[in-house]
Amino acid sequence: MTVTRFAPSPTGYLHVGNLRTALFNHLIARKAGGTFILRLDDTDPERSKPEYADAIREDLEWLGLTWDREERQSARLERYGEAAEKLRAAGRFYECFETPEELELKRRKQLNMGRPPVYDRSALKLDEGERARLREERGAGHWRFLLKQERIEWEDGILGPLSIDAASVSDPVLIRGDGQVLYTLASVVDDIEMGVTDVVRGSDHVTNTATQIQIIGALGGTPPAFAHHSLLTGPQGEGLSKRLGALSLRDLRARGVEPMALLSLLARLGSSQPVVLFRSIDELAEGFDMAQFGSAPTKFDENDLFPLTRQYVQGLDFEQVRGKILGLGVPEAQAERFWRVARENITVIEDLKGWWRLCSEGAAPEIAEEDVEFVQAALALLPEPPFDENTWADWTARVKAETGRKGKALFMPLRKALTGQAQGPDMADLMPLLQRVPGRDA
Ligand code: GLU
C-alpha cells in the first residue's frame, strides 16, 4: 500500500515551497488510494512551537489537503534511542568531541588544500581512555553515522538515476552532544516504522537521501522510492528565500487566492503539462504524473494565481456563494441577481463587498467635465429607486430624446456616473440592485 508523508518542522508558517512538497505527497497517496501522513518534525524543542503546528494544520485544512494520520517526532524519542543503540551495536555509530570551532578550522584547511570538506573521522582513532578523558573535559560527544564508502545509487522519481560517492559526504551527525536527536535519524526511523513507500521532497535533500539510504540499510529497513523536486525561484530566476514570508499560505489566503487556484498551479508548474484550473483535488490527483517534472529550478510568479482564482470564482454556482452574499447584507430576493451581475466583475470573493457597497451606498461618481451638465440633466430624469429591469432602457430612451445624445456618448457618462467605472456589469441588470443614486440622493 502506498504511504506518503509531509514532514514540516513547526518552526514557521508554510509557504508555497513547502506546499509543493505537501501537494505532491498528498496527490501520490490519493491517486493510489493510499495513506497520507502529516508528520511534525519537532525534535528541536527551542524552535518548534505549538502555534506553528496549529497554523500548519489550519493551512492544510484550508487547502483541503486532508491527512489520514498525524505523527509527532517529539513523541517518539524512545524509538530513536533504540535505533541509535542498534547502530552502535552494528559498529556504525561513533562519538566525536570536536567543537564547532575545531570542525570549522578543519574545513577551512581542507578547502585551502583544494580538498572537499569532508569530516576526517579523527574520532574513530580515539581509544576508550581518550574518549573518557574528552567526555570528562567536554561533556558528552555528538554521534556520527559511519558511512560505508561506496557509491550510493537510486532511481529518483524526478531526477532519474542518481549516484553519489559516500566518500564525498561527511559522516552525518545523528545525535547532538546535548542529546538532541537530529532530523536525519528521526526521519529514517519514522519512514521505516510507518511503512512510508514514497518520499518526495526538495532537491536540497539529495545528499540527505544518500546518507539516509545507508542508515535505513543499517537499521534493516528498505528505502522508500525517493523523488526530489526542483526548488522554486521568483519570476526572474531569483532565489525565493527572502520573499517566502510574503508567500506564506496565510498571506496568500488573506489576499483572496483560492485553494484550487494555488493547488492547480503548483501541481503543474515545472512539469511539461499545461497549467489548467482543476475544481477538485480528486481531478488533480487523477491527472498528476511525477514523470512529467523536470530538474530545472521552477519559476513561480504569484501573479499567476489571480487569473486562476478569477476563473475559479467566476465558475462558482449561486448555491456555493449564497451564504457569503447573504452575509454581506444582500436581501434574499436580490441575492441571485446580485451574483449574476457581480460575478463577471470580480477576481477574489472579497470583491463582492465592493459591488454590494456600490449597490447599497452608491459609488463615487466619475464625471468628466464636459459631461457634468448632461449627467445632471439625465439624473433629474431618473425616477426614485427601487428600479426594475426596464429602468435602464426607459431612462436612457428618455435621456436620448431630451438631450439628443446617443451611443457611447449617451451610455458611457451614465454608466460612470452610477458605478464610477467605465466597465462593469450589464446596466439593465444592475439597475434593480441600486438602492441609491450617488450625486443625487446624497
Ligand atoms: N522536516 C524536513 C524538512 O522540512 C523534512 C524533509 C523530509 O521530507 O524528509 O525539510
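The values are calculated or read from the model by the stated rules, or taken from the named source; none is laboratory data. If you're wondering where the values come from, they're calculated on a predicted model, not measured in any experiment. In this analysis, Cβ positions are derived from the backbone assuming ideal geometry, glycine residues included, and neighbour counts consider all displayed protein chains. The area values use the complete protein model at the heavy-atom level, side chains included, leaving out ligands, DNA and RNA. Shrake-Rupley method; radii C 1.70, N 1.55, O 1.52, S 1.80 Å.
Observations on the structure shown:
- Subset of the stretch 234-283 [in contact (Cβ under 8 Å) with a residue 12 or more places away in the chain and in a strand (DSSP E or B)]: 248, 271
- Those residues of the stretch 165-211 which are open to solvent by 30 Å² or more (accessible area, probe 1.4 Å), assigned to a helix (DSSP H, G or I) and touching a residue at least 40 places away in the same chain (Cβ under 8 Å), in sequence order: 167, 168, 183, 193, 203, 207
- Qualifying positions in the stretch 121-135 - of a type in the set (D, E, K, R) and part of a helix (DSSP H, G or I): 125, 128, 130, 131, 133, 135
- Lone unmet requirement of (1) within 16 Å of the ligand (Cβ to nearest atom); (2) over 30 Å from residue 48 (Cα atoms); (3) surrounded by fewer than 17 Cβ atoms within 10 Å (Cβ to Cβ) for residue 128: (1)
- Residue selected from the stretch 233-250 under the condition among the hydrophobic types (A, V, I, L, M, F, W, C) and under 11 Å from the mean Cα position of the chain (by Cα), by the criterion farthest from residue 261 (Cα to Cα): 244
- Qualifying residue in the stretch 88-106 (condition: under 23 Å from residue 220 (Cα atoms) and assigned to a helix (DSSP H, G or I)): yes
- Applying the criterion of at least 2 residues that are open to solvent by 20 Å² or more (accessible area, probe 1.4 Å) to the strands (runs of 3 or more DSSP E) found wholly in the stretch 1-86 leaves 69-72.
- Residues (of a type in the set (Ser, Thr, Tyr) and within 20 Å of residue 294 (Cα to Cα)) located in the stretch 199-218: 203, 207, 209
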